[in-house]
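Visitor: Have a look at this one before I ask anything.
The values are calculated or read from the model by the stated rules, or taken from the named source; none is laboratory data. Just so you know, these numbers come straight off a predicted model, no measurement behind them. Backbone-built Cβ (ideal geometry, glycine too); neighbour counts: all protein chains shown. Remember, those area values only see protein heavy atoms, side chains included, never the ligands or the DNA or RNA. Shrake-Rupley method; radii C 1.70, N 1.55, O 1.52, S 1.80 Å.
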Amino acid sequence: MQETVSLIAPTGSALSREQVCDLMSQACRSEDYRGKRILLIVPDGTRTAPVGLLFQELYRHIGRSTAAFDVLIALGTHQPMSEQAICQRLDISDAERRESYGRVKFFNHAWDNPEQLRRVGTLSAEEVSKITDGLFAMEVPVEVNKLLFDYDQVVIVGPVFPHEVVGYSGGNKYLFPGVGGPEILNFFHWLGAVVTNPMIIGNKWTPVRKVVDHAGAMVSVDKLCFCMVVAPDKRLVGLFAGSPEGAWDKASDLSLKVHITFKDKPFHTIVSCAPPMYDELWTAGKCMYKLEPVLADGGELIIYAPHLGEVCVSHGKHIEEIGYHCRDYFLKQWDRFKTVPWGVLAHSTHVRGIGTFEKGIENCRAEVTLATKIPEEKCRRINLGYRKVESVRLEDYAGREDEGILLVPKAGEMLFQLKHPPKWAGGHGNGD
């Protein structure tokens, strides 16, 4: 495994462009890239990070001498990005696109197009059983975007945050699910859901991370990874370059310190404001995931998103058929739901949160309410609460933490946990 180069800003400051360039010089020598074909894998617009800074500086540092320097958007199952949206993601103008980066090709990953995928291996039932501590014992095909194999090196650039499915995002997660196929994606999302969001999120060495790294090792291309840690105020406070495993390992240690807010007591009312980058509930669900650990039993979490009018373009049909329910609602009626894509089931349970299903009755620990453009009838049909957007005055919820009311102006990336979590939320930290 290649050595990881690390750079961490002093408390209260940020890494400068010059420091970023210096780290790049250490991680990848420009003379080694002459005539090479390089594919840059970056996240879509649902992640806060200075992706443009790294794209521009990498191109300046190595891109001009390469035979190819192209960009693949790690969409997972998200919607494709337009040329203009990709330019915005990379912080370049239309003129810069034409004049400075005209030779760079942009690609969107298509997870559901078999012609774009290549089988790189299979996780055996024995491996799966060992990784998941016996929760599952099944073969899982591993497919990845075949475009990767047209290049001499894949360079992964993306941020690391606490994550509901894998524990911490980043590293090989930009391959799986970023540019992976449906079988592996559906499997490990459901694995995370079975373990449950509160037991996964903010823990490093989760079963899902082990699956992702096993799958990543099957992708036999040269890989270099830049993992960023971005403070809530958008400052770049950490940058780590090396193998996907090594860079992620160090970045997640810093993320633990930067992205988790600990609270003494749970809140009976939480208003979780979704930023515009979450343009459908599929991604805005993060406003629940990151706050479920501090939501009190019997409490209510309101996802406030006046801009949001869509449940999910890719999976909306399935979601409207099954609705939002706790994990046991599906597990205890498995024959009824086992043919629904497992990633959809996982999303459903993550949004609805912890609960039970006994004798045909579902009891969820807390209420989840939408204050969006999604009509009341649809909210009720998918088993979520509804509030008119105009009835939620944010100023009425501000500054009332002592009363058990929490307002989070930009939710979805910072994780909130209790200093002394209940059993259903597990511990926090490395998950050892």
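Visitor: Filter segment 332-362 for residues that are in contact with a strand residue (DSSP E or B) (Cβ under 9 Å, 6 or more places away or on another chain) and not in a helix (DSSP H, G or I); which is surrounded by the most Cβ atoms within 10 Å (Cβ to Cβ)?
Guide: Keep residues of segment 332-362 that are in contact with a strand residue (DSSP E or B) (Cβ under 9 Å, 6 or more places away or on another chain), which gives 332-333, 349, 351-357, 362.
Narrowing the set further to residues that are not in a helix (DSSP H, G or I) leaves 332-333, 353-357, 362.
Working: 332: 15, 333: 13, 353: 25, 354: 22, 355: 16, 356: 14, 357: 18, 362: 15.
The residue in question is 353.
Visitor: Which of the residues belonging to segment 326-363 are farther than 18 Å from residue 315 by Cα and among the small types (Gly, Ala, Ser)?
Guide: Those that are farther than 18 Å from residue 315 by Cα and among the small types (Gly, Ala, Ser): 353, 355, 360.
Visitor: Continuing with this model, one more query. Looking at segment 113-142 only, could you name the residues that are within 20 Å of residue 44 (Cα to Cα), surrounded by 13 or more Cβ atoms within 10 Å (Cβ to Cβ) and not aliphatic (A, V, I, L, M)?
Guide: Residues of segment 113-142 that are within 20 Å of residue 44 (Cα to Cα), as a first pass: 113, 116-117.
Still in the list and also surrounded by 13 or more Cβ atoms within 10 Å (Cβ to Cβ): 116-117.
Selection gives 116 alone.
Visitor: Consider segment 143-160. How many of its residues are among the hydrophobic types (A, V, I, L, M, F, W, C) and open to solvent by 10 Å² or more (accessible area, probe 1.4 Å)? Even if it seems obvious, please write down each step before you answer.
Guide: Step one: of segment 143-160, the residues among the hydrophobic types (A, V, I, L, M, F, W, C) are 144, 147-149, 154-157, 160.
Now restrict to residues that are open to solvent by 10 Å² or more (accessible area, probe 1.4 Å): 147, 149.
Qualifying residue count for the region: 2.
Visitor: Okay, next question. So which residues in segment 231-280 are farther than 29 Å from residue 422 by Cα and among the β-branched types (Val, Ile, Thr), if there are any at all?
Guide: The answer is 237, and nothing else.
Visitor: Show me the helices (runs of 4 or more DSSP H) found entirely inside segment 257-326 where at least 1 residues are open to solvent by less than 20 Å² (accessible area, probe 1.4 Å) and among the aromatic types (Phe, Trp, Tyr).
Guide: Numbers: elements: 281-284, 286-289, 316-322.
The helices (runs of 4 or more DSSP H) meeting that bar are 286-289.
Visitor: Being touching a Pro at 6+ places or on another chain (Cβ under 8 Å) and closer than 17 Å to residue 194 by Cα is the filter here, so list the residues in segment 344-374 that pass it.
Guide: Pass one, segment 344-374, residues touching a Pro at 6+ places or on another chain (Cβ under 8 Å): 354, 371-373.
Selection gives 354 alone.
Visitor: Which members of segment 180-194 meet the condition of being within 15 Å of residue 129 (Cβ to Cβ) and aliphatic (A, V, I, L, M)?
Guide: Looking only at segment 180-194, we keep the residues that are within 15 Å of residue 129 (Cβ to Cβ), and these are 187-188, 191, 194.
Listed by number, the residues that qualify are 191, 194.
Visitor: Shifting gears a bit: Would you point out the residue of segment 86-107, among those that are buried (at least 17 other Cβ atoms within 10 Å of the Cβ) and not β-branched (Val, Ile, Thr), that is nearest to residue 187 (Cα to Cα)?
Guide: Keep residues of segment 86-107 that are buried (at least 17 other Cβ atoms within 10 Å of the Cβ), which gives 86-87, 89-90, 92, 97, 101, 104, 106-107.
Filter once more, so that each one left must be not β-branched (Val, Ile, Thr): 87, 89-90, 97, 101, 106-107.
Details: 87: 33, 89: 29, 90: 31, 97: 38, 101: 38, 106: 29, 107: 25 Å.
Once the filter is applied, the top-ranked residue is 107.
Visitor: Can you name every residue in segment 365-413 that is surrounded by fewer than 20 Cβ atoms within 10 Å (Cβ to Cβ), hydrophobic (A, V, I, L, M, F, W, C) and without any contact (Cβ under 8 Å) to a residue 40 or more places away in the chain?
Guide: Answer for segment 365-413, where residues must be surrounded by fewer than 20 Cβ atoms within 10 Å (Cβ to Cβ), hydrophobic (A, V, I, L, M, F, W, C) and without any contact (Cβ under 8 Å) to a residue 40 or more places away in the chain: just 398.
Visitor: Checking the conditions here, which among 328, 264, 253 is of a type in the set (D, E, K, R), under 21 Å from residue 352 (Cβ atoms) and modelled with pLDDT of 95 or more?
Guide: On the way: 264 fails: under 21 Å from residue 352 (Cβ atoms); 253 fails: under 21 Å from residue 352 (Cβ atoms).
Among 328, 264, 253, only 328 is of a type in the set (D, E, K, R), under 21 Å from residue 352 (Cβ atoms) and modelled with pLDDT of 95 or more.
Visitor: Any idea how many residues of segment 135-164 are of a type outside the set (Phe, Trp, Tyr) and either over 17 Å from residue 248 (Cβ atoms) or over 21 Å from the mean Cα position of the chain (by Cα) (or both)?
Guide: First, pick out the residues of segment 135-164 that are of a type outside the set (Phe, Trp, Tyr): 135, 137-148, 150, 152-160, 162-164.
In the following step, the residues that additionally are either over 17 Å from residue 248 (Cβ atoms) or over 21 Å from the mean Cα position of the chain (by Cα) (or both) were identified as 135, 137-148, 150, 152-153.
Going through segment 135-164 one residue at a time, the tally reaches 16.
Visitor: While we're on this one: Just a yes or no: is a residue in segment 200-213 under 17 Å from residue 74 (Cα atoms) and either within 21 Å of the chain's Cα centre (by Cα) or open to solvent by 30 Å² or more (accessible area, probe 1.4 Å) (or both)?
Guide: Looking for residues that are under 17 Å from residue 74 (Cα atoms) and either within 21 Å of the chain's Cα centre (by Cα) or open to solvent by 30 Å² or more (accessible area, probe 1.4 Å) (or both), one finds at least one in segment 200-213, hence yes.
Visitor: I'm trying to understand the selection: among the residues of segment 233-249, which are in a strand (DSSP E or B) and either farther than 10 Å from residue 160 by Cβ or aromatic (Phe, Trp, Tyr) (or both)? Don't jump to the end; show me each part of the working.
Guide: Narrowing segment 233-249 to residues in a strand (DSSP E or B): 236-242.
Passing the criteria: 236, 237, 239, 240, 241, 242.
Visitor: Also: Being under 19 Å from the mean Cα position of the chain (by Cα), of a type outside the set (A, V, I, L, M, F, W, C) and within 22 Å of residue 391 (Cβ to Cβ): is that true of residue 314 here? Break it down into steps so the answer makes sense when it comes.
Guide: On the way: under 19 Å from the mean Cα position of the chain (by Cα): yes; of a type outside the set (A, V, I, L, M, F, W, C): yes; within 22 Å of residue 391 (Cβ to Cβ): no.
So residue 314 does not fit the description; no.
Visitor: So, in segment 1-18, exactly how many residues are open to solvent by less than 70 Å² (accessible area, probe 1.4 Å) and either in a helix (DSSP H, G or I) or without any contact (Cβ under 8 Å) to a residue 12 or more places away in the chain (or both)? Break it down stepwise before answering.
Guide: Taking segment 1-18 and keeping what is open to solvent by less than 70 Å² (accessible area, probe 1.4 Å), we get 4-7, 9, 12-16.
Those still in the list that are either in a helix (DSSP H, G or I) or without any contact (Cβ under 8 Å) to a residue 12 or more places away in the chain (or both) too: 12, 16.
Of the residues in that region, 2 qualify.
Visitor: Another question about this same structure. So is residue 235 basic (Lys, Arg), within 16 Å of the chain's Cα centre (by Cα) and modelled with pLDDT of 95 or more or not? Give the derivation first.
Guide: Working: basic (Lys, Arg): yes; within 16 Å of the chain's Cα centre (by Cα): no; modelled with pLDDT of 95 or more: yes.
No; evaluated as a whole, the condition is false for this residue.
Visitor: Can residue 245 be described as surrounded by fewer than 24 Cβ atoms within 10 Å (Cβ to Cβ) and of a type outside the set (Val, Ile, Thr)?
Guide: Details: surrounded by fewer than 24 Cβ atoms within 10 Å (Cβ to Cβ): yes; of a type outside the set (Val, Ile, Thr): yes.
When the stated conditions are applied, residue 245 passes them.
Visitor: What are the residues in segment 279-294 that are more than 15 Å from residue 198 (Cβ to Cβ) and hydroxyl-bearing (Ser, Thr, Tyr), if any?
Guide: Answer for segment 279-294, where residues must be more than 15 Å from residue 198 (Cβ to Cβ) and hydroxyl-bearing (Ser, Thr, Tyr): just 283.
Visitor: Any residue in segment 4-24 that is modelled with pLDDT under 95 and touching a strand residue (DSSP E or B) at 6+ places or on another chain (Cβ under 7 Å)? Spell out how you get there, then give the answer.
Guide: Of the residues in segment 4-24, the ones modelled with pLDDT under 95 are 11-12.
Restricting the remaining residues to those that are touching a strand residue (DSSP E or B) at 6+ places or on another chain (Cβ under 7 Å) gives none.
Within segment 4-24 (the criterion being modelled with pLDDT under 95 and touching a strand residue (DSSP E or B) at 6+ places or on another chain (Cβ under 7 Å)), the answer is no, since none of the residues qualifies.
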